[in-house]
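*Asks:* My structure is below; once you've seen it, I'll send some questions.
The values are calculated or read from the model by the stated rules, or taken from the named source; none is laboratory data. Small disclaimer: the values here were computed from a predicted structure and weren't measured. Every residue, glycine among them, receives a Cβ derived from its backbone with ideal geometry; neighbour counts consider all protein chains shown.
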Amino acid sequence: MIQSGASSLSFSLAGIRFDFRGLPGSPSFRLPDEYALFLNPPGTDAPDALYQVSPVGAEAISSDGGKIFWDNGLWRVRRFAAHRFDIEIHDAQMPGWRKAAEVEDDFAAGLFFPSPCSLRDGPLRPFHHPQDRAIVLGRFCHLRGVMIHSSCVWVDGKVLLFFGVSGAGKTTIARLWRSDGATILNDERNLIRVRGDAVWAGASPWHGEENKVNAATGPLAAAFFLKQSATNALRPMPPTESLTRLLTAAFIPVFVPDGPGKVLDACGTIAERVPSYELSFTPDKRALDLCRSVVNG
């Protein structure tokens, strides 16, 4: 686990900055190891999300509290007020549910509560699975972003995204690129964000078969929908088809009332701005040459 000597930590994913700060008198706290590569150095950059860490556990959950909006049995989201959600966890360390966080409805700010064992043993652990992914996805969708089930590489100063059905070859083609000198950012889950007139992409902390990620981020040059074949071929996809394919690979934050609509809007813009292709490929470097032919002009 990442441990901070001070009561503040900051990390960035695909250019979106998340800051955690302890309340006055709070002890140090830590984040899971998978965030180590994404930590920001101390600085004064304004965060895109600012969360406070409570030095004490949350109060008991009231049976007459706000309405439960979404529940998968392990964690749930409760609407408590016009502009507030509570994220609750079914914690194995205690009977029943406990409140893990209070967040504003756009996930831009909130208060996180440490786990019971970290209150006993320290340092505090306010941010861990499963609510960390809920927070990241919730904030991203409000900043025109989405997480895509895909592999992503950095090559020739450009970011390329490869997505497709399970077994289509996302990790295979990422490894082919690496053997050709490219850098794998993530072979399983990547983050895309509409940023001004551009579309940026970068890794999430959660990898697949490749047991590491790279924190580089940059403009997304092209997206490829993979289709294993006996031959190599590249077919441009119109934006309408690209949008459909993107949505099948997107992680939809259904726990956010307007999350699906926001992801649809972001994916629509991505499909319009990023060239997309269906890539039929054999597992050799000739497929990489096809990709370069359209990316490099």
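*Asks:* Of the conditions (1) surrounded by fewer than 22 Cβ atoms within 10 Å (Cβ to Cβ); (2) modelled with pLDDT under 95; (3) of a type outside the set (D, E, K, R), Phe251 satisfies every one except a single condition; which number is it?
*Replies:* With (1) surrounded by fewer than 22 Cβ atoms within 10 Å (Cβ to Cβ); (2) modelled with pLDDT under 95; (3) of a type outside the set (D, E, K, R) applied to Phe251, the lone miss is (2).
*Asks:* Can I ask one more? Go through segment 138-163 and give me each residue that's touching a Ser or Thr at 6+ places or on another chain (Cβ under 8 Å) and more than 23 Å from Phe107 (Cβ to Cβ).
*Replies:* Filtering segment 138-163 down to residues touching a Ser or Thr at 6+ places or on another chain (Cβ under 8 Å) leaves 144, 147, 151, 153-155, 159, 161-163.
Ser151, Val153, Trp154, Val155, Val159, Leu161, Phe162, Phe163, listed by residue number.
*Asks:* Quick check on this structure: which one of Ala92, Ala46 is surrounded by fewer than 16 Cβ atoms within 10 Å (Cβ to Cβ), in a loop (DSSP other than H, G, I, E, B), modelled with pLDDT of 75 or more and not assigned by TED's automatic domain parsing to the domain that holds Gly208? Step through it out loud before you land on a result.
*Replies:* Working: Ala92 fails: modelled with pLDDT of 75 or more.
After applying the criteria, what remains is Ala46.
*Asks:* Here is a follow-up. Scan segment 111-126 and report the pairs whose first residue is on the phi < 0 side of the Ramachandran plot and whose second residue is loosely packed, with under 14 Cβ neighbours inside 10 Å and hydroxyl-bearing (Ser, Thr, Tyr), with Cβ atoms within less than 8 Å and a gap of 6+ or a chain change.
*Replies:* Sorted first by the residue in segment 111-126, then by its partner, the list stays empty.
*Asks:* Could you say whether any residue in segment 224-242 is of a type in the set (Val, Ile, Thr) and under 30 Å from Ala82 (Cβ atoms)? Working first, answer last.
*Replies:* Initially, segment 224-242 is screened for residues of a type in the set (Val, Ile, Thr), giving 231, 240.
Filter once more, so that each one left must be under 30 Å from Ala82 (Cβ atoms): none.
There is no residue in segment 224-242 that is of a type in the set (Val, Ile, Thr) and under 30 Å from Ala82 (Cβ atoms).
*Asks:* Next question, about the same structure. Can you tell me which of (1) within 23 Å of the chain's Cα centre (by Cα); (2) β-branched (Val, Ile, Thr); (3) surrounded by fewer than 19 Cβ atoms within 10 Å (Cβ to Cβ) is the one Ile68 doesn't meet?
*Replies:* (1)
*Asks:* Do we find that Asp106 is modelled with pLDDT of 90 or more, at negative phi and charged (D, E, K, R) in this structure? Explain how you work it out, then say what you get.
*Replies:* On the way: modelled with pLDDT of 90 or more: yes; at negative phi: yes; charged (D, E, K, R): yes.
So Asp106 passes the test.
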